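> First the structure, then my questions, so here it is.
The values are calculated or read from the model by the stated rules, or taken from the named source; none is laboratory data. Remember, it's a predicted structure, so these values are computed and weren't measured experimentally. Neighbour counts run over all protein chains shown; Cβ positions are idealised from the backbone, glycine included.
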Amino acid sequence: MLEAINAEEKNVATEKQLLVNDFIQLSDLSSAEIHTLLNEALELKKLQKEGKSHPFLSGKVLGMIFEKSSTRTRVSFEVGMLQLGGHAIFLSSKDIQLGRGESISDTAKVLSRYVDGIMIRTFSHESVEELAEHATVPVINGLTDLHHPTQVLADLLTILEHKGKLAGLKLCYIGDGNNNMAHSLMEGAVKVGMDISIASPPGFLPNGKITERAIQMGAETNSSVMITHDPLQAIKDADVIVTDVWTSMGQEDETALRLKAFEGFQVNQELCKHAKADFLFLHCLPAHRGEEVTAEIIDGSHSVVFDEAENRLHAQKAILKFLLS
Ligand code: CP
Ligand code: NVA
């Protein structure tokens, strides 16, 4: 499958180094940097599949702060550090002093004296920016209310592997447009030359500033951004269909309201008939079968959700290798 990847895609990456010191949102990276990370992820995946050791981060330590639950992010970062010869420390905000009111800036300064990088999953996006401002080691965003960039790098890797290209594809996202996945998908898609269409109910459209920035970035890569309330319009001729939970972490009080608001925005067989015949289905997981997606679709032949979950490991190892070595 890896051989199927268009040589053109590989050649897009001209920069061998990342200019950024942190990994906070995809709009901070150039298109070339994103391709550099994707190519590195493919190399690291190959090494791991061949059973070849690759201790590029021997002796390095990643601190991982979690203020929200996680299965994939926690395990893939921890295993990734181990496979790179380093170590990861899980820091639940329930257990560290941050959870008792110690400031983000003091936490950043103290952790920087011990570890070589900090990954954080938190609520407010500003918290990650503040952490990065005060840390003297690289900071990686493991999800905020606004962005989920490590997930979308893995999504791009998955699409590239299955389609052999990224530029020129149409990605359609159906559901909560005002969440971390929708925002990072918008930024990721336009950076690599994909068109993106988002269908969300009134009141759940993507953040205006992020949309505006995506439209501007898209003008440089020939990518279009379409935002609509009509799932049929969004999904028409899509190569890739993505959805996410209707209630993100921290929004549990709104569950009933959201179940009602998102009626008609379920990814199901009927809706998917309007996409290209060979569409891919992605979901960052965890999923709620029967809500945002039917079991028929997520467990069906178009779904690549477990490749996508695996690719968290490979994509993040590429980020870690560039930022921590
Ligand atoms: N997709 C994702 O970030 O999963 P976790 O919440 O399990 O980390
Ligand atoms: N939008 C979801 C993504 C989970 C990985 C949430 O924030 O809960």
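> Does VAL225 qualify as being under 27 Å from GLU161 (Cβ atoms), touching a strand residue (DSSP E or B) at 6+ places or on another chain (Cβ under 6 Å) and within 16 Å of ligand 2 (Cβ to nearest atom)?
no
> Over 14 Å from the mean Cα position of the chain (by Cα) and either part of a helix (DSSP H, G or I) or buried (at least 23 other Cβ atoms within 10 Å of the Cβ) (or both): is that true of LEU323 in this structure?
Against the criterion (over 14 Å from the mean Cα position of the chain (by Cα) and either part of a helix (DSSP H, G or I) or buried (at least 23 other Cβ atoms within 10 Å of the Cβ) (or both)), LEU323 qualifies.
> Tell me yes or no: at least one residue of the range 267-278 is under 18 Å from the mean Cα position of the chain (by Cα), surrounded by fewer than 17 Cβ atoms within 10 Å (Cβ to Cβ) and either modelled with pLDDT of 95 or more or polar (S, T, N, Q) (or both).
Taking every residue of the range 267-278 in turn, none turns out to be under 18 Å from the mean Cα position of the chain (by Cα), surrounded by fewer than 17 Cβ atoms within 10 Å (Cβ to Cβ) and either modelled with pLDDT of 95 or more or polar (S, T, N, Q) (or both).
> I'd like the residue in the range 226-251 that is among the hydrophobic types (A, V, I, L, M, F, W, C), within 17 Å of the chain's Cα centre (by Cα) and part of a strand (DSSP E or B) and, out of all such residues, is farthest from THR294 (Cα to Cα).
Ranking the candidates gives VAL240 first.
> Still on this model: Just wondering, is there one or more residues in the range 268-287 that are in contact with a Phe, Trp or Tyr (Cβ under 8 Å, 6 or more places away or on another chain) and touching a residue at least 40 places away in the same chain (Cβ under 8 Å)?
For the range 268-287, residues in contact with a Phe, Trp or Tyr (Cβ under 8 Å, 6 or more places away or on another chain) and touching a residue at least 40 places away in the same chain (Cβ under 8 Å): absent.
> May I ask you to list the residues in the range 252-273 that are of a type in the set (A, V, I, L, M, F, W, C), in a loop (DSSP other than H, G, I, E, B) and in contact with a helix residue (DSSP H, G or I) (Cβ under 7 Å, 6 or more places away or on another chain)?
PHE265
> Only one residue in SER223, SER197 is modelled with pLDDT of 95 or more and assigned to a loop (DSSP other than H, G, I, E, B). Which one?
Just one listed residue meets the conditions, SER223.
> A further question follows. For the range 134-154, which positions are surrounded by 22 or more Cβ atoms within 10 Å (Cβ to Cβ) and assigned to a helix (DSSP H, G or I)?
If the condition is that a residue be surrounded by 22 or more Cβ atoms within 10 Å (Cβ to Cβ) and assigned to a helix (DSSP H, G or I), then PRO149, THR150, GLN151, VAL152, LEU153, ALA154 are the ones that fit.
> Still on this structure, I have one more. Residue check, VAL137 against (1) of a type in the set (Val, Ile, Thr); (2) farther than 26 Å from LEU271 by Cβ; (3) within 16 Å of ligand 1 (Cβ to nearest atom); (4) in contact with a helix residue (DSSP H, G or I) (Cβ under 6 Å, 6 or more places away or on another chain), all met but one. Which one?
(3)
> Are there any pairs with C-beta distances below 9 angstrom linking a residue in the range 245-266 that is among the small types (Gly, Ala, Ser) to a residue that is more than 10 Å from ligand 2 (Cβ to nearest atom), with the two at least 6 apart or on different chains, and if so which?
ALA261/PRO201; ALA261/PRO202; ALA261/GLY203; ALA261/PHE204; ALA261/GLU254; GLY264/PRO201; GLY264/PRO231
> Looking only at residues that are assigned to a helix (DSSP H, G or I) and basic (Lys, Arg) in the range 78-133, which one is nearest to SER325 (Cα to Cα)?
Per the stated criteria, the residue is LYS109.
> Now, a different point. Residue by residue through the range 252-298, note down the ones that are within 16 Å of ligand 1 (Cβ to nearest atom) and in contact with a strand residue (DSSP E or B) (Cβ under 7 Å, 6 or more places away or on another chain).
If the condition is that a residue be within 16 Å of ligand 1 (Cβ to nearest atom) and in contact with a strand residue (DSSP E or B) (Cβ under 7 Å, 6 or more places away or on another chain), then PHE281, LEU282, HIS283, ALA287, GLU292, VAL293, ILE298 are the ones that fit.
> For the range 171-192, how many residues are within 15 Å of ligand 2 (Cβ to nearest atom) and of a type in the set (A, V, I, L, M, F, W, C)?
Within the range 171-192, residues that are within 15 Å of ligand 2 (Cβ to nearest atom) and of a type in the set (A, V, I, L, M, F, W, C) number 5.
> Among residues belonging to the range 71-92 that are in contact with a Leu (Cβ under 8 Å, 6 or more places away or on another chain) and among the small types (Gly, Ala, Ser), point out the one that is nearest to ligand 2 (Cβ to nearest atom).
Top of the filtered list is SER76.
> Could you please find all residues in the range 274-297 being within 16 Å of ligand 2 (Cβ to nearest atom) and part of a loop (DSSP other than H, G, I, E, B)?
CYS284, LEU285, PRO286, ALA287, HIS288, GLU291, GLU292 - these are the residues of the range 274-297 that are within 16 Å of ligand 2 (Cβ to nearest atom) and part of a loop (DSSP other than H, G, I, E, B).
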